[in-house]
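Written out below as structure tokens is the structure these notes cover.
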2 protein chains.
Amino acid sequence: MLYEINEKALKLEAEGKKIIRLNLGDPDLETPPEIVEAAYQAMKAGKTKYSSAYGENKLRVKLAEVHDVKPENVVITPGSKWGVFATMYLMLKGGGNVIIPTPYWTAYELIAKSIGAKVKLLRTELENDWKIDPAELEALIDKETKMIILNNPNNPTSKVIDDKTLDGIVEIANKKGITILSDEVYGTIAFTKTKSILDYNGGCKHILSNGFSKTFTMTGWRIGYIIADKLLVDNITKLNQITINNVPVFIQEAALKGLELRKQIANAIKKEYKERADMACKILSKDGLSFTKPEAPFYVFPKHPGLDSEKFTLDLLDKGVAVAPGTSFGDYREHFRISLTAPRPKIKTSLNIICEALK
Amino acid sequence: MLYEINEKALKLEAEGKKIIRLNLGDPDLETPPEIVEAAYQAMKAGKTKYSSAYGENKLRVKLAEVHDVKPENVVITPGSKWGVFATMYLMLKGGGNVIIPTPYWTAYELIAKSIGAKVKLLRTELENDWKIDPAELEALIDKETKMIILNNPNNPTSKVIDDKTLDGIVEIANKKGITILSDEVYGTIAFTKTKSILDYNGGCKHILSNGFSKTFTMTGWRIGYIIADKLLVDNITKLNQITINNVPVFIQEAALKGLELRKQIANAIKKEYKERADMACKILSKDGLSFTKPEAPFYVFPKHPGLDSEKFTLDLLDKGVAVAPGTSFGDYREHFRISLTAPRPKIKTSLNIICEALK
């Protein structure tokens with residue numbers, strides 16, 4: 001339904017209707033101008049040729065420094081989604097299953113299905129603060145389990161996995177010899193400090209997926225990266241060679257400029273989204289919706305008992321607001337996801353429309 | 001060996017050695033400045049967001065006009081290689097085999113192997129003017145055959161498939177119900193008129209893969225497209241949604257600018273490469289090498305009886321010239337591929353070094 005809602009929103013807009021778009025994780029802010037200029041300078045300098053399928057060396061070195069790993073553990077991908085696909089394709093195309101906690105980012109299950117891998121879902125609940133129960137996780141693992149996917153902070157709940165739970169998950173994965181793929185694309189801009197998968201086992205036993213989209217408002221630039229052991233990095237590179245070849249070098253130069261300015265850019269983004277989240281929580285609380293307070297940009301994932309979220313979401317579109325139904329993130333029919341990706345006055349207007357529609 | 005030669009060339013260059021790089025299909029010319037400016041203007045206008053996995057509507061409309069198909073038959077891909085991978089992945093992941101004439105572009109067989117599809121090679125020979133024999137093709141087809149890949153004009157031979165042969169191939173494919181994937185990335189800049197796969201059966205029964213890399217000197221920009229029936233276009237789009245998402249919109253705007261200027265740009269490229277090819281043929285003929293005259297940029301694929309092309313290619317690197325061994329394109333140990341992707345004086349120097357080394 002996520003893509004259908006978006007297509008319908010685009011269609012209504014094309015017909016001249018005004019829609020406040022809170023249905024995607026695509027920030028309304030602009031890519032910082034320094035990043036745009038860096039791309040332009042690189043293009044003009046002729047950085048428009050085929051290049052390494054690993055990614056540019058200087059970008060790998062910089063990312064290795066940021067994450068305290070070796071450059072040989074870093075491979076650049078056209079968006080973090082490609083990194084997730086490539087990892088799953090290489091590890092699961094021969095068969096096996098993957099464990100995915102829900103609510104989840106839609107793409108994980110769609111990728112698994114496309115590859116032909118089996119999916120085992122591990123349900124978490126709002127009422128239990130969206131906590132993963134390590135014992136339940138352990139019970140799900142069987143001989144065919146090849147991978148556990150974590151999304152930390154989580155889309156759609158914006159919850160961070162607490163240290164103790166993450167310790168427990170990693171311990172089980174290590175004991176059973178299962179690889180964790182940790183998608184931490186919201187990690188740098190989380191409101192609370194989060195432990196990374198790289199904090200365990202000297203770094204690269206498990207896999208980190210990350211990207212520039214959310215931290216640097218570069219969604220449409222399509223650049224991300226995987227940090228993993230050298231063998232997987234080499235295999236993703238070989239897959240890059242027969243698929244996407246390389247991320248355009250001028251885009252890698254732009255990302256490098258973003259990294260140089262990362263503290264200042266990330267702080268500004270965090271501040272803006274924290275204020276939006278606080279405002280949204282205040283408005284939504286008044287109307288008796290249940291939700292956990294966001295610990296990261298960009299989402300709130302409220303529950304309204306008895307809600308048919310697909311119907312609700314479609315009806316809401318006709319009222320000029322696009323949000324995503326809970327069913328796009330697993331079996332969460334009574335939930336819907338609001339992306340706080342609009343200026344505050346627009347968010348305020350839409351939240352009032354949402355609360356009114358729920359009455 | 002193609003990638004190993006390139007890595008060794010890069011390594012030697014990093015050590016300060018001067019290498020004339022005739023080993024890749026990466027033109028030495030620059031991307032036209034109008035294209036660079038179009039990208040910059042689009043970036044500054046905020047075209048840096050998530051976008052349609054089909055590609056931008058106006059680019060699809062323009063390509064549909066160029067190829068005389070409907071926009072719904074066009075999907076934009078991050079390089080033509082991604083289009084080839086996506087098509088093969090969708091059609092072959094369930095099993096089956098693909099027929100590939102040789103010499104071939106290395107990626108086709110590597111992609112098939114990665115997906116787990118079987119490959120049936122259809123050998124062509126210099127002595128027979130690199131002609132595909134339709135009867136041999138027909139004999140190779142079995143119940144498991146899902147696809148025939150044509151590369152027209154061909155990399156590495158720069159030969160165009162003559163109309164009669166292509167008619168014969170299409171007739172067999174239609175009779176047997178096999179899909180042809182026709183990679184025509186060198187088609188627009190061929191020196192002789194070439195028939196396209198779209199000239200048959202009202203256009204979209206078979207599949208066209210094409211890109212902007214070669215025609216517009218945009219190799220490193222990573223943009224191409226597939227033209228096919230609506231069902232495959234929709235399925236590639238769904239695959240895009242869970243992998244690369246979309247080609248950056250500013251890159252699509254740059255490609256659109258290229259299309260607007262395509263006659264002038266393509267003519268200039270054709271003229272330059274025709275002159276390079278004529279010069280190369282003259283030098284190589286004197287030394288008794290056998291080859292067919294290029295009918296398109298960028299390659300010559302000469303044969304030297306008794307040659308061990310891998311050893312020859314590696315030794316040649318130490319003499320300052322990088323070319324690709326024939327074994328990178330199938331079982332062609334006595335051949336090597338020269339890319340005419342350097343200014344004429346450099347090509348002349350390297351051809352003399354090559355001829356000397358072959359004595």
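The values are calculated or read from the model by the stated rules, or taken from the named source; none is laboratory data. Just so it is clear, the structure is predicted and the values come from calculations on it, not from any experiment. Please note: Cβ atoms are built from the backbone with ideal geometry, for glycine as well, and neighbour counts cover all protein chains shown.
Screening the candidates B:Ser309, B:Ser290 for the property of being touching a Gly at 6+ places or on another chain (Cβ under 9 Å) and not assigned by TED's automatic domain parsing to the domain that holds B:Glu125 yields one hit, B:Ser309. In summary, B:Glu15 fulfils each of the numbered conditions (1) outside the structural domain of B:Tyr332 (by TED's automatic domain parsing); (2) without any contact (Cβ under 8 Å) to a residue 24 or more places away in the chain; (3) farther than 17 Å from B:Phe212 by Cβ with the single exception of condition (1). Against the list (1) part of a loop (DSSP other than H, G, I, E, B); (2) more than 14 Å from every other protein chain (Cβ to nearest Cβ); (3) not basic (Lys, Arg), the condition A:Thr243 fails is (2). Applying the set (1) in a helix (DSSP H, G or I); (2) over 23 Å from the mean Cα position of the chain (by Cα); (3) not basic (Lys, Arg) to A:Gly306 leaves exactly one unmet item: (1).
For a quick check of your reading: which helices (runs of 4 or more DSSP H) sit entirely within segment A:101-215 and have at least 2 residues that are over 16 Å from the mean Cα position of the chain (by Cα) and charged (D, E, K, R)? Steps first, please.
Values: elements: A:106-115, A:134-140, A:163-176.
Hits in segment A:101-215: A:134-140, A:163-176.
Against the numbered list (1) away from every other protein chain (no Cβ under 14 Å); (2) closer than 28 Å to B:Phe85 by Cβ; (3) modelled with pLDDT under 95, B:Asp287 comes up short only at (2). If you filter segment A:69-128 down to residues that are over 26 Å from A:Asn201 (Cβ atoms) and among the basic types (Lys, Arg), you find that the one that is farthest from the other protein chains (Cβ to nearest Cβ) is A:Arg123. Among the residues of segment A:206-237, those identified as at the interface with chain B (Cβ under 10 Å from one of its Cβ atoms), under 12 Å from A:Ile76 (Cα atoms) and touching a helix residue (DSSP H, G or I) at 6+ places or on another chain (Cβ under 8 Å) are A:Arg222, A:Ile223.
Is it the case that some residue within segment A:344-357 is part of a loop (DSSP other than H, G, I, E, B) and in contact (Cβ under 8 Å) with a residue 24 or more places away in the chain? Looking through segment A:344-357, none of the residues is part of a loop (DSSP other than H, G, I, E, B) and in contact (Cβ under 8 Å) with a residue 24 or more places away in the chain.
Would you please name the residue that is farthest from the other protein chains (Cβ to nearest Cβ), looking only at residues in segment B:25-43 that are closer than 29 Å to B:Tyr3 by Cβ and assigned to a helix (DSSP H, G or I)? Going through the qualifying residues, I end up with B:Ile35. The numbered conditions (1) closer than 23 Å to B:Ser114 by Cα; (2) of a type outside the set (Ser, Thr, Tyr); (3) part of a loop (DSSP other than H, G, I, E, B) are all true for B:Val69 except (1).
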